[in-house]
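Following: one structure in structure tokens, then a few remarks.
The values are calculated or read from the model by the stated rules, or taken from the named source; none is laboratory data. Note that the structure is predicted; figures quoted are calculated from it, not measured. Virtual Cβ from ideal backbone geometry, glycine too; neighbours counted across all protein chains shown. Accessible surface areas use protein heavy atoms only, side chains included; no ligands, DNA or RNA. Shrake-Rupley method; radii C 1.70, N 1.55, O 1.52, S 1.80 Å.
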Amino acid sequence: MSFRGLQKSVLRAPQQFRQKFNIGEQTKDPVYIDSERRFQELETETKHLHDESKKYFDAINGMLQHQIEFSQAMTEIYRPISGRMSDPDSLVVHGNIEGIRACEEYEAIVKDLQQTLAPELEMIESRVIRPANELLDVIKVIRKTALKREHKKLDYDRHRATLKKLQEKKEKTAKDEKATWKAENEVENSTQEFNYFNDLLKDELPKLFALEKQFIQPLFQSFYYMQLNIFYTLHEKMQHCDIGYFDLTRDIEEAFHAKRGDVQEQAEKLTIVKFKTTGLKRPPKYGGARPAIEGTKPAGLLTAGPSISAPASESGGEPTTPVLATATKPSWSRPAAELADHPPPPYSSMPTAVSHPVPGAKPASLAAVAAAKAKPPPPKPKSSRLVAIPRAETATALYDYAAQAEGDLSFRQGDEIEIVTRTPNENEWWIGKLNGKEGQFPGRSCCVSRVVKRCELCFQN
């Protein structure tokens, strides 16, 4: 948009607002309103015709291309899988020779059909899609003219409202007279421009509607006959499709079951398939019982008591590794009898002796090292006793005081005020609480009580 166009848009904005909410006088032409409605319908339907014709053209081409790709995929499935390490019979050539030949014949027929239908599809492109596209271009030009007519109508209504406002003014100055003369010229120019575009569209749109019938009728007729040719060609080509692999004399479902045979039953017998349709109980996920953490090696009992260290030999030999209580059954759960033989150590406040490794000794397993470390004793249970909680600091009021502002605390002489915040200077304001209400009060109005040494008793577990 140019700068001049932007200026006009700003000037037309108030009138557009009035027109949208039907404020003030609006110019309305019933004949043009009816023509504009029919033109909008023509624009919508032409766009729809163009889009649907293009979709039909793409659908026929896509159908033929998918048929070719389908036959190629079936050919790859029928081909033998040979020369691969995963194939146990890689040296023996296996494959559905008849199926491969049938797929190749079918692919050749579809390709020939695609070449036969190419001229018909080209006619759809040239006789339906392209004319609809040209009509859309014409409609776009007419739409621009209708938009310009709408702008001229806004200018006409805007200048007419300005002139009416100036004419209704009782006391006019020289400046008002000049503005009135200018408004009259603008109304005259805008009237001529609006009438030109309005009359042009009212005269030309009915002619366009008459030509529409002459355009749509042959277009629809051409599309209908080209569609018949396409379906007739498809039917003839597929009707004379003589592929010996297919038995067209039998019922479709009957022929399918005869071709399939017992393939599904054989596939269900495979262990890796596990069809749910068989209703058989599935084997365990990984089979067998779960092994112990360290295989056949007995696991160390981490809850055993203090480790028992054998004394070093008198001959100066190396000290033996601490002997740990072990579990003899490699299982995830420990029987009750074994737990009874190795109960957890009793509570003792004395630290347990720790066997430190001697340099040169054989390294123990992770479980043995964890068991050899002394566990910290559990905390002693807390005994019930009385705990002293000091009371808050209070102050006694020396005289009555009434709140002077919001947030002040009122009290009477002798009231005991709980101090929340205070300063060493008594001439400043403190914060206290009385009867559940918190507020400010002058520090010199009360006497601070000493901190009571008495204690409130409470029971704590």
*Links that overshoot a 30 Å alpha carbon limit, given the list LYS153/LYS175; LYS144/LYS172; LYS8/LYS202; LYS140/LYS182; LYS28/LYS207*: LYS144/LYS172; LYS140/LYS182
*Could I get the Rg over Rh figure for the stretch 145-242? Both from C-alpha atoms, Rh via Kirkwood, rounded to two places.*
1.57
*May I ask you to derive the FRET efficiency for GLN40 and THR173 from their Cβ-Cβ distance with R0 = 51 Å, giving the value to the nearest 0.05?*
0.60
*asked:* Using each residue's phi in the stretch 45-57, evaluate 6.51 cos²θ - 1.76 cosθ + 1.60 at θ = phi - 60° and report the 3J(HN,Hα) Karplus result to the nearest Hz, with x for Gly and Pro.
replied: 5, 5, 5, 5, 4, 5, 5, 5, 5, 5, 5, 5, 4
*the stretch 1-44: trypsin sites (Lys or Arg not before Pro) falling in loop per DSSP and having at most 11 other Cβ within 10 Å*: LYS28
*Between beta-carbons, use under 14 Å as the cut-off and find the net charge around ALA73, counting Lys and Arg +1, Asp and Glu -1.*
-3
*For the pair ASP51 and THR396, how long in nm is the line joining their label points, each one 7 Å along Cα→Cβ?*
9.2
*Cross-link reach list, aspartates and glutamates versus LYS164, counting only Cα pairs under 19 Å and skipping chain neighbours closer than eight places*: GLU25, ASP155, ASP176, GLU177, GLU184, GLU186, GLU188
*Which of the aspartates and glutamates could be linked to LYS433 by a straight reach, that is with a Cα gap under 19 Å, when you skip same-chain ones fewer than 8 residues away?*
GLU393, ASP400, GLU406, ASP408, ASP415, GLU416, GLU418
_Approximate spin-label separation LYS433-SER126, in nm, with each point projected 7 Å along Cα-to-Cβ_ = 9.7
*Using a 1.4 Å probe over the heavy atoms of the protein chains, calculate the carbon and sulfur portion of the accessible area of the stretch 115-245 as a whole percent.*
54
*asked:* At R0 = 45 Å, how high is the FRET efficiency between ALA59 and ASP29 if r is their beta carbon distance? Nearest 0.05 is fine.
replied: 0.55
*Return the long-range amide H neighbours of GLU438 (sequence gap of 5 or more, or a different chain), with a cut-off of under 5 Å between placed amide H atoms.*
none
_What FRET efficiency comes out for ALA108 versus GLU204 if R0 is 35 angstrom and r is the Cβ-Cβ distance? Round to the nearest 0.05._
0.05
*For the stretch 219-232, take each phi angle, set θ = phi - 60°, evaluate the Karplus expression 6.51 cos²θ - 1.76 cosθ + 1.60, and give the result in whole Hz per residue in order, putting x for glycine and proline.*
5, 5, 5, 5, 5, 5, 5, 5, 5, 4, 4, 5, 5, 5
*What net charge do the residues around GLN167 carry, taking every other residue with its C-beta under 12 Å from that of GLN167, with Lys and Arg at +1 and Asp and Glu at -1?*
+2
